[in-house]
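Each remark here refers to the structure printed beneath this line.
The values are calculated or read from the model by the stated rules, or taken from the named source; none is laboratory data. Quick caveat, the model's predicted, so the values are computed rather than measured. Here Cβ is always computed from backbone atoms with ideal geometry, including for glycine, and neighbour counts include all displayed protein chains. Just the protein is used for accessible areas: all its heavy atoms, side chains included, with ligands, DNA and RNA removed. Shrake-Rupley method; radii C 1.70, N 1.55, O 1.52, S 1.80 Å.
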Amino acid sequence: MIRRVGNTPEPGRSYQLRAGAYAILPLGDKVLLTRQSGSDEPLQLPGGGIDPGESPLQALHREVFEETGWRIADPRRIGAARRFVYMPEYRIWAEKLCTVYLAHPVRPHEAPLEPGHQVEFVPTDDVGQRLDNPVDRFLFRRAVRLGLIR
């Protein structure tokens, strides 16, 4: 059973399943995060939806590159959680099935390809409090508890 994090589903509401892959990217004593649009937008783990015909690892590499401009190596699955949200950009209610991986950022190749994405390096000790998404926070803290991030 995959743990639900965040809001409970509303009775009688139909949710569309949206699977996604996301990355925790430690680099020294910091973690590479992203934010969309302006500096007042919340921080998040880079990643996103898995396209039809794409494996979770293919999606992870593609999404991280699109949102950060970085290539990654050695992804290791940390866990998965689901949350029920409204996605205004798609105008749907979704059950997001989020799988999070720990990976190593190798090097930046270019600026983020997706418009409005910004990369931010956050001290590891601050990441758990600064992530906006409850799934991101939950699985980041799990990785810390397991000793995978120092």
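General remarks:
- Dimensionless Rg/Rh of segment 88-150 - Kirkwood Rh, Rg from C-alpha atoms: 1.00
- √(5λ) per eigenvalue of the Cα gyration tensor, the chain, largest first, Å: 23, 18, 15
- Phi angles of segment 99-104 translate, via the Karplus equation with coefficients 6.51, -1.76, 1.60 and θ = phi - 60°, into HN-Hα couplings of 9, 10, 10, 9, 9, 9 Hz per residue; Gly and Pro are given as x.
- When both segment 52-89 and segment 1-44 are represented by their alpha-carbon centers, they are found 10 Å apart.
- Ellipticity estimate at 222 nm from DSSP helix runs (n ≥ 4, -39,500 (n - 2.57)) divided over the chain, nearest 500: -6500 deg cm²/dmol
- Net length gained if the chain between ALA111 and LEU148 were fully extended (0.36 nm per residue, minus Cα distance): 10.5 nm
- When the charge dipole of segment 1-103 is built from unit charges on Cβ atoms (+1 for Lys and Arg, -1 for Asp and Glu) and taken about the Cα centre, the candidate among ALA81, LEU27, PRO56 whose Cα reaches farthest toward its positive end is ALA81.
- Amide hydrogen neighbours beyond the local backbone of ALA19, cut-off 5 Å, H modeled: ILE50, LEU97
- Built amide H within the under 5 Å cut-off of ARG71, gap 5+: VAL106, ARG107, HIS109
- Entry comment: accessible area of the chain is 55 Å² per residue, from protein heavy atoms only and a probe of 1.4 Å.
- Degrees separating the helix 134-145 axis from the principal Cα axis of the chain, which is the longest one: 50
- The angle between the Cα long axis of helix 56-68 and the main principal axis of the chain comes to about 60°, on a 0 to 90 degree scale.
- Amide H contacts of LYS30: THR124, each under 5 Å away and 5 or more positions distant or on a separate chain (H built 1.01 Å from N in the peptide plane; Pro and chain starts excluded).
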